[in-house]
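Asks: Before we start, here is the structure in question, set down as structure tokens.
The values are calculated or read from the model by the stated rules, or taken from the named source; none is laboratory data. No experiment lies behind these values; they were computed from the predicted model shown. A quick note on method: Cβ atoms are made from the backbone with ideal geometry, for glycine too, and the neighbour counts reach across all protein chains shown.
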Amino acid sequence: MSSNVYMFEIGLRMAGCYNANTSSCSFPIAATQDAFDRARYSFSQFGLGAETGIDLPSASSGFHGEGVNPGSLADLMIGQYDNYTTLQLAQYVSTIANDGYRMQPRLVSEIREPVTDRNELGAIVQQFEPKVLNRINNTDQEITQVQNGFRDVVTNRDGTANNIFRNKSYNLAAKTGTAQVRIAVGEPGNRRIVEGNNQTFVGYAPFDDPEIAFAIIVPDVKLTNRGGRNRMAQSIAEEVLDWYFERENAMRHGPIKPDEPLPEVVDGEDTIIQ
């Protein structure tokens, strides 16, 4: 039932190996490199391994594995060879939610002049409109099929996020993921390797009219007899989404201004902001 098997085969086909008996495939270096290049280009359309456009002085675009061989290609296809940032994962899932349009993420929507009256807003100096970075090279039908797959993760009886989210009113669409890691623990001279997972959970809601997308990574989760899949990332997402959709109307209308002036600490003393 794992999507890994599907992605393995896609990688093999891209490298020119269509025979189920992979031992008969030579995997020439040129074909394998071409498969790497095409896969990374496809992923970059969603923001994976690419610059997200975030309005910060600098941001990581992730890390590329250096080898070019069939085994590494298989790892690349399931997300365990190149490494992506949490922001890239958020941009990836928001692109799916947004019908294939990759938007520029922003921390600042507008800049205003300062004012002395705390109940007033200053004049707008600069305003940033939503910006489309690109539209992925897939048909509407293909994108819809992926969106339905994300919804199945929550609604299908065997979906990996079904237990927590199937009865939620906000109709989540999501994807779970685990990446294998090996962590050295213990004091010097008594180090040992512990097998673990990076738990990943991405999604958006509501499914039919998305307004929030998220990415959560819980690194270095120690494996248990349940494979380390004790839904830590999903539990975090549940708290965030429950909180958001309980308060969405208030959030849409901006922050609620307090009835009393806010105290501000200046040089160790409370000062009232008027």
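Asks: Going residue by residue through the stretch 107-117, is there one that turns out to be touching a Gly at 6+ places or on another chain (Cβ under 7 Å), farther than 28 Å from GLU238 by Cβ and surrounded by 10 or more Cβ atoms within 10 Å (Cβ to Cβ)?
Replies: Step one: of the stretch 107-117, the residues touching a Gly at 6+ places or on another chain (Cβ under 7 Å) are 112-115.
Now restrict to residues that are farther than 28 Å from GLU238 by Cβ: 112-115.
Still in the list and also surrounded by 10 or more Cβ atoms within 10 Å (Cβ to Cβ): 112, 115.
For the stretch 107-117, residues touching a Gly at 6+ places or on another chain (Cβ under 7 Å), farther than 28 Å from GLU238 by Cβ and surrounded by 10 or more Cβ atoms within 10 Å (Cβ to Cβ): present.
Asks: Pick from ILE216, ILE143: which is surrounded by 16 or more Cβ atoms within 10 Å (Cβ to Cβ), without any contact (Cβ under 8 Å) to a residue 60 or more places away in the chain and either within 26 Å of GLN91 (Cβ to Cβ) or of a type in the set (S, T, N, Q) (or both)?
Replies: Details: ILE216 fails: without any contact (Cβ under 8 Å) to a residue 60 or more places away in the chain.
Among ILE216, ILE143, only ILE143 is surrounded by 16 or more Cβ atoms within 10 Å (Cβ to Cβ), without any contact (Cβ under 8 Å) to a residue 60 or more places away in the chain and either within 26 Å of GLN91 (Cβ to Cβ) or of a type in the set (S, T, N, Q) (or both).
Asks: Still on this structure, I have one more. Among the candidates ILE136, ILE183, which residue alone is modelled with pLDDT of 95 or more and either of a type in the set (A, V, I, L, M) or not assigned by TED's automatic domain parsing to the domain that holds MET232 (or both)?
Replies: On the way: ILE183 fails: modelled with pLDDT of 95 or more.
That would be ILE136, the only listed residue that is modelled with pLDDT of 95 or more and either of a type in the set (A, V, I, L, M) or not assigned by TED's automatic domain parsing to the domain that holds MET232 (or both).
Asks: Output the qualifying pairs, or none if there are none: Cβ atoms under 6 angstrom, residues six or more apart or on different chains, first residue in the stretch 99-114 and closer than 20 Å to SER61 by Cα, second residue surrounded by 12 or more Cβ atoms within 10 Å (Cβ to Cβ) and aromatic (Phe, Trp, Tyr).
Replies: Cβ pairs passing all conditions: ARG106/PHE128.
Asks: Next question, about the same structure. Across the stretch 176-201, what is the number of residues that are touching a residue at least 24 places away in the same chain (Cβ under 8 Å) and either surrounded by fewer than 16 Cβ atoms within 10 Å (Cβ to Cβ) or of a type in the set (Val, Ile, Thr) (or both)? Step through it out loud before you land on a result.
Replies: Within the stretch 176-201, the subset touching a residue at least 24 places away in the same chain (Cβ under 8 Å) is 176-181, 183, 194-197, 199-201.
Now drop any that are not either surrounded by fewer than 16 Cβ atoms within 10 Å (Cβ to Cβ) or of a type in the set (Val, Ile, Thr) (or both), which leaves 176, 178, 180-181, 183, 194-195, 200.
Counting residues in the stretch 176-201 that are touching a residue at least 24 places away in the same chain (Cβ under 8 Å) and either surrounded by fewer than 16 Cβ atoms within 10 Å (Cβ to Cβ) or of a type in the set (Val, Ile, Thr) (or both) gives 8.
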